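Chemist: Below you'll find the structure I mean.
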Amino acid sequence: QIKASEKWRQIPVIFLTAKTETTDIVQGFELGAVDYVAKPFNAHELLARVNTHLTMDELRRSLSAKNIELARAHELVRRAFGRYVSEEVAASILQSPEGLEMGGEEREVTILMSDLRGFTALAARLSPREVIEFLNLYLEAMVDVISRYEGTIDEIIGDAILVIFGAPVACDNHAGKAVACGLAMQLAMAEVNQRLLSKGAAELEMGIGIHTGRVIVGNIGSLRRTKYAAVGSNVNLAGRIESFTTGGQLLISEHTREKIKSPLRIDGEFQVEPKGAASRLLLHEISGIGDPFNLNLPSKSTQLFPLPEPLPMRFTVLEEKFVSRTVYRGKLISLSPSGAGIESELTLAPLCNLKIEVDAVAGRGPGGEIYAKVIGAAATSPSVTRIRFTSVSPELKVWMRNAISQLAPAAPI
């Protein structure tokens, strides 16, 4: 009986018995039966029970098939939905449909804003298909890193990414995870650039700004188009902090630093006056974070090597994204692997952005275009302004690498 019930366990079994003691009935159920009829039995009663169990078994099979179908549909919706919102937002809405309702809540979160340096100049030299291919290559790597550190992607705007840590899923260490994520994103750029170079594109750099504060998080929009987002002045401030970064740099606000429990490697501190902010802001340049993340950016050479003969140049100061009409003259007098030293009559404010046209000089340099950010006065001479490259035209970049290798053979390129 046991073997028969195991072999035919998908078929309902009704046993006929003259034993109506409770122990006997229980034993029959334990052997795999679903019902019993006592002897002497009534044929009509037996037929009715058989029909009932066959109908119930068919219903169970149908429900099981529908549950499998619904599970597959749910997974399909989650995967498709997850391409437009983060996995956390998708899971939250699918588990609780009321999550689609408009409105939000005030919550302390950490906001990360990243942006590529030189991508606009690169895109101008590529076809639209190549631009999308290279952009997707970059975003694929960054989205994987952000997901690993439980960030919620609020927005992808071209080559810029806005990420929330601490919403919709609450997290005690959202500031630490955001900084660790930013460092991991910078480390991931090495592989991104290897893949770009293998496809014939130029290397790219990324700047990241991070700020912690209270914002409104929730669904905004209309019934036809809704998105999960963070809204408030602290979101805008994260973007302002990012605008002060140079390529490969991670800047965080004092508010974020205060929230982090892990030890930090701080390579620099300076105060800025972001547009729209009520007061000056203290920023920290972060190059490493300790337990439990243990991430560190490699050290970069910053030594300036004097050129045998300065190169003449013209430059304008960028205001926001616009180029000033006033053109100034100056000289490019020294180089480093990531920047240069310049001289001019104009006193340049730290962290302002420049567009530079280096004049071509026969036998000395091909000339070209540079976008750069002012770092401050060079340590070797107060009259020399140090700049950090954001973007360099290809021909000039090749010439600079060769020049540095001759000026300082041991310098990393």
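Chemist: How big is D, in µm² s⁻¹, for region 146-288 by Stokes-Einstein at 10 °C and 1.306 mPa s if Rh is the Kirkwood radius over C-alpha pairs? Please report the intermediate quantities before stating the final value.
Modeler: Values: Rh = 16.1 Å.
My calculation gives 98 µm²/s for D.
Chemist: Right, something else. In Å², and per residue, what accessible area does region 190-253 have when probed at 1.4 Å with the other protein chains present?
Modeler: Values: 2780 Å² over 64 residues.
Per residue, region 190-253 has 43 Å² of solvent-accessible surface.
Chemist: With the full set of protein chains in place, find how many percent of the accessible area of region 265-385 is carbon and sulfur; take the probe as 1.4 Å. The partial results should precede the final answer.
Modeler: Values: 3490 of 6800 Å².
Within region 265-385, the accessible surface is 51 percent carbon and sulfur.
Chemist: Oh, and also: Just Glu203, Glu191, Glu30 to compare: in a GNM of the chain, with alpha carbon springs under 10 Å, which one fluctuates most?
Modeler: Glu30
Chemist: Can I ask one more? Give the ranking of Ile146, Ile153 by solvent-accessible surface, highest area first, calculated with a 1.4 Å probe.
Modeler: On the way: Ile146 0, Ile153 45 Å².
Sorted descending by solvent-accessible area, the residues read Ile153, Ile146.
Chemist: Let's test the formula: R0 of 30 Å, r as the Cβ-Cβ distance of Asn193 and Glu273. What FRET efficiency results, to the nearest 0.05? Spell out each step's value before the answer.
Modeler: Details: r = 33 Å, r/R0 = 1.11.
Computed FRET efficiency for Asn193 and Glu273: 0.35.
Chemist: Mind grabbing the accessible area of Tyr36 for me, 1.4 Å probe, Å², rounded to tens?
Modeler: Around 70 Å² of this residue is reachable by solvent.
Chemist: Could I ask something else about it? What are the equivalent ellipsoid semi-axes of the chain, built from the alpha-carbon gyration tensor (square roots of five times its eigenvalues), in whole angstrom, biggest first? The partial results should precede the final answer.
Modeler: Numbers: eigenvalues 893, 104, 75 Å².
Each semi-axis is the square root of five times an eigenvalue, giving 67, 23, 19 Å.
Chemist: Out of Ala184, Leu122, Ile156, whose Cα points farthest toward the positive end of the dipole of region 118-197 (charges: +1 Lys, Arg; -1 Asp, Glu; placed on Cβ)?
Modeler: Selected residue: Leu122.
Chemist: Using a 1.4 Å probe on the protein heavy atoms only, what accessible surface does Phe29 show? Give it in Å² to the nearest 10.
Modeler: Counting only protein heavy atoms, the figure is 90 Å².
Chemist: Further question: Where does the charge balance sit around Ile161 when Lys and Arg score +1, Asp and Glu -1, over other residues with C-beta under 9 Å from its C-beta?
Modeler: Charge balance near Ile161 sits at -4.
Chemist: So which helices of the chain fit the span-like rule, where a helix is a whole DSSP H run, its Cα atoms reach 18 Å or more along the axis, and its mean Kyte-Doolittle is at least 0.0? Working shown, then result.
Modeler: On the way: long enough: 43-81 (56 Å, -0.33); 128-148 (30 Å, 0.44); 174-198 (36 Å, 0.54); 394-407 (20 Å, -0.16).
Length and hydropathy pass: 128-148, 174-198.
Chemist: What net charge is computed for the residues neighbouring Ser383, neighbours being all others with C-beta under 14 Å from the C-beta of Ser383, Lys and Arg scored +1, Asp and Glu -1? List each step's numbers first, then the result.
Modeler: Working: positive: Lys331, Arg386; negative: Glu343, Glu345.
With Lys, Arg at +1 and Asp, Glu at -1, the neighbours total 0.
Chemist: Additional query: Report, to one decimal in Å, the Kirkwood hydrodynamic radius for region 183-257 based on all distinct Cα pairs. Walk me through the intermediate numbers first.
Modeler: Numbers: mean 1/r = 0.0682 Å⁻¹.
It works out to 14.7 Å.
Chemist: In terms of solvent-accessible area of protein heavy atoms at a 1.4 angstrom probe, what is the ranking of His255, His284, highest value first? It would help to have the intermediate numbers written out before the result.
Modeler: On the way: His255 95, His284 5 Å².
Putting His255, His284 in descending order of accessible area: His255, His284.
Chemist: Turning to a different aspect of this structure: Multiplying the sequence separation of Ser405 and Thr17 by 0.36 nm and subtracting their Cα-Cα distance, what value in nm do you get? Please list the in-between numbers first.
Modeler: On the way: separation 388, 0.36 × 388 = 139.68 nm, distance 9.78 nm.
Length gained, Ser405 through Thr17: 129.9 nm.
Chemist: While we're looking at this one, here's another question. Helix-derived [θ] at 222 nm for the chain: sum -39500 (n - 2.57) over DSSP H runs of at least 4, divide by residue count, nearest 500? Numbers along the way, then the final one.
Modeler: Values: 10 runs with 146 residues, N = 413.
It lands at -11500 deg cm²/dmol.
Chemist: Net charge near Arg329: determine it from the other residues with C-beta under 11 Å of the C-beta of Arg329, scoring Lys and Arg +1 and Asp and Glu -1.
Modeler: Working: positive: Arg314, Lys331; negative: Glu343, Glu345, Glu357, Asp359.
With Lys, Arg at +1 and Asp, Glu at -1, the net is -2.
Chemist: Please compute, for the alpha-carbon atoms of region 215-326, the extent along each of the three principal axes and give them in descending order in Å.
Modeler: 64, 46, 30
Chemist: Principal axis lengths of region 265-413 from Cα atoms, whole Å, largest first?
Modeler: The Cα atoms of region 265-413 stretch 53, 39, 28 Å along the principal axes, largest first.
The values are calculated or read from the model by the stated rules, or taken from the named source; none is laboratory data. Please read all numbers here as calculations on a predicted model, not as lab measurements. Heads up, the Cβs are rebuilt from the backbone with ideal geometry, glycines too, and the neighbour counts pull from every protein chain shown. SASA here: full protein model, heavy atoms, side chains in, ligands and nucleic acids out. Shrake-Rupley method; radii C 1.70, N 1.55, O 1.52, S 1.80 Å.
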